[in-house]
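Enquirer: Following this message is one structure expressed as structure tokens.
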Amino acid sequence: MCGIVGLFLKNPKMEPQLGQLLSGMLSTMCERGPDSAGFAVYGSGTEGRSKITLQSATAAEDFAKLNASLAKDKKLDAKLTTKDTHAVLSVPSDKLDAVRALLSSDFPSIRIMATGENIEIYKEVGYPTEVAKRFDFAHMSGTHAIGHTRMATESAVTTLGAHPFSTGADECLVHNGSLSNHNSLRRELIRDGMKFNTENDTEVAASYLTWRMKQGMNLGEALEKSLDDLDGFFNFVVGTKEGFGVVRDPIACKPAVMAETDDYVAFGSEYRALAGLPGIDKAKVWEPEPSTVYFWQR
């Protein structure tokens, strides 16, 4: 099962409504994925700085210790903002490697969810509407966002196993379906330097796209190539700093619907996810074609 929603705003005046609109879309997908949920939000960035989204099972203790450690080194110029089990760490981009090394060596219980100039990822085990409330998703603003409700079929129900997966700067992926060759592909990617935190096939898909883009492909080319290299059935919705993309496998047996107006582009696993959007009665609504890459960007 699993449910996917995505919203890309063409109209900047709608950006303060992003979280509210996508929260409504996400709530319609709960029965498709009741065990965990997550969302990636692309908001405003600050030139010369990067954001690291963090998660901890013992957040209060870990983030307090991290904040104290960061305060001792004024040269890092790091700022930590906590939100439930997650936190966003803002650092100068040229200090990113130093902060990553600090987290790895001194704070092994803190996990990195995403890194980039604009992206923030929040995900947890629990009923999707409750997860959204925990992080006050309805009040978040930004240019675009992607959400996912998970019904686990192969790998464990854990925070790390929830979607979205981010394996590159300002990149994320959510997935509905199942990949049959993810184990062999994971071994190939590991040999080429990619690292994995779960047994989830979606993490393999995200890493595959990052791997292809490191080879010089743009996102569209990487998505086109995925149709040759990934076996199984899938809908992918991929977020980048500039926008989001959609691709379906050649069989296209997993449900998907899209809508576009002058103000936005929206994706949902079912039409009911789109039904509450403003102006939906005048939108162009269609089912994305098999083996076809769609992408919108600013």
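Enquirer: Would you mind checking the pairs 225/282; 51/123; 10/133; 65/95 and listing those with alpha carbons more than 28 angstrom apart?
Expert: Details: 225/282 34 Å; 51/123 16 Å; 10/133 26 Å; 65/95 19 Å.
Exceeds cut-off: 225/282.
Enquirer: Got a sec? What order do 254, 74, 65, 10 fall in by accessible area at 1.4 Å, biggest, i.e. largest, first?
Expert: Of 254, 74, 65, 10, the descending order of accessible area is 74, 65, 10, 254.
Enquirer: Under 14 Å from the Cβ of residue 229, count the other residues' Cβ atoms, weight Lys and Arg +1, Asp and Glu -1, and hand me the total.
Expert: On the way: positive: 186, 187, 212, 225; negative: 188, 192, 201, 221, 224, 228, 231, 249.
Combined, the nearby Lys, Arg, Asp and Glu give -4.
Enquirer: Between 224, 260, 171, find the one with the highest GNM mean-square fluctuation for the chain; connect C-alpha pairs within less than 10 Å.
Expert: 224
Enquirer: Shifting gears a bit: Hey, what's region 203-278 come to in accessible area per residue, 1.4 Å probe, Å²? Could you put the intermediate results ahead of the total?
Expert: Values: 2600 Å² over 76 residues.
Accessible surface, normalised per residue, equals 34 Å².
Enquirer: Rounded, prolate or oblate: which fits region 1-99, taking a ≥ b ≥ c as square roots of the Cα gyration tensor eigenvalues, rounded meaning a/c under 1.5, else prolate when a/b beats b/c? Don't jump to the answer; show the numbers that get you there.
Expert: Values: a/c = 3.01, a/b = 1.59, b/c = 1.90.
Oblate, because a/c is 1.5 or more while a/b does not exceed b/c.
Enquirer: Let me ask something else about it. For region 45-117, what is one quarter of the convex hull surface built on the Cα atoms, given in nm²?
Expert: On the way: hull surface 17.1 nm².
Averaged projected hull area, Cα only: 4.3 nm².
Enquirer: Taking the convex hull of the alpha carbon atoms in region 162-205, what volume per residue do you get, in Å³?
Expert: Numbers: hull volume 2.9 nm³, N = 44.
About 67 Å³ per residue, rounded to a whole number.
Enquirer: Over the chain, what is the relative contact order in whole percent, taking alpha-carbon pairs under 8 Å and six or more residues apart?
Expert: Across the chain, relative contact order equals 25 percent.
Enquirer: Leaving ligands, DNA and RNA out of it, report the carbon-plus-sulfur percent of the accessible area of region 251-298 at a 1.4 Å probe.
Expert: Details: 1230 of 2460 Å².
Solvent-exposed carbon and sulfur of region 251-298 make up 50 percent of the total.
Enquirer: Could you derive backbone 3J(HN,Hα) for region 278-292 from the dihedral phi with the Karplus parameters 6.51, -1.76 and 1.60 (θ = phi - 60°), listing whole Hz in sequence and x where the residue is Gly or Pro?
Expert: x, x, 5, 5, 10, 6, 7, 10, 7, 9, x, 6, x, 6, 10
Enquirer: First compute the accessible area of region 45-117 with a 1.4 Å probe, then give the percent of it belonging to carbon and sulfur atoms. Working shown, then result.
Expert: Numbers: 1870 of 3820 Å².
So the carbon and sulfur contribution to the accessible surface is 49 percent.
Enquirer: Over the Cα atoms, compute the radius of gyration (one decimal) and Dmax (the largest Cα-Cα distance, rounded to a whole number) for the chain, in Å.
Expert: 18.2, 56
Enquirer: So, one more: For residue 233, what accessible surface area do you get with a 1.4 Å probe? Give it in Å², rounded to 10.
Expert: Approximately 80 Å² for this residue.
Enquirer: Going by accessible area, probe 1.4 Å, with all protein chains left in place, what is the ranking of 122, 271, largest first?
Expert: Numbers: 122 5, 271 105 Å².
The ranking, largest first, comes out as 271, 122.
Enquirer: Sticking with this one: Calculate for the chain the 222 nm mean residue ellipticity that helices alone would give, adding -39,500 (n - 2.57) per DSSP H run of length 4 or more and normalising by residue count, nearest 500 deg cm²/dmol.
Expert: On the way: 7 runs with 77 residues, N = 298.
After summing the helix terms and dividing by residue count, I get -8000 deg cm²/dmol.
Enquirer: Whole number in Å², please: accessible area per residue of region 1-125, 1.4 Å probe, ligands, DNA and RNA not counted. Don't skip to the end; give the middle numbers.
Expert: Details: 5370 Å² over 125 residues.
Accessible surface, normalised per residue, equals 43 Å².
Enquirer: Which of 192, 249, 35 moves most in a GNM of the chain, Cα contacts under 10 Å?
Expert: Top of the fluctuation ranking is 192.
Enquirer: Under DSSP H, which helices of the chain have Cα atoms covering 18 Å or more of the helix axis and a Kyte-Doolittle average no less than 0.0? Before the final figure, lay out the partial values.
Expert: Details: long enough: 59-72 (20 Å, 0.02); 201-214 (20 Å, -0.45).
Length and hydropathy pass: 59-72.
The values are calculated or read from the model by the stated rules, or taken from the named source; none is laboratory data. Since the model is a prediction, treat every value here as computed from it, not as a measurement. No Cβ is skipped: glycine too gets one built from the backbone with ideal geometry, and neighbour counts run over all protein chains shown. The accessibility values were calculated without ligands, DNA or RNA, using every heavy atom of the protein model including side chains. Shrake-Rupley method; radii C 1.70, N 1.55, O 1.52, S 1.80 Å.
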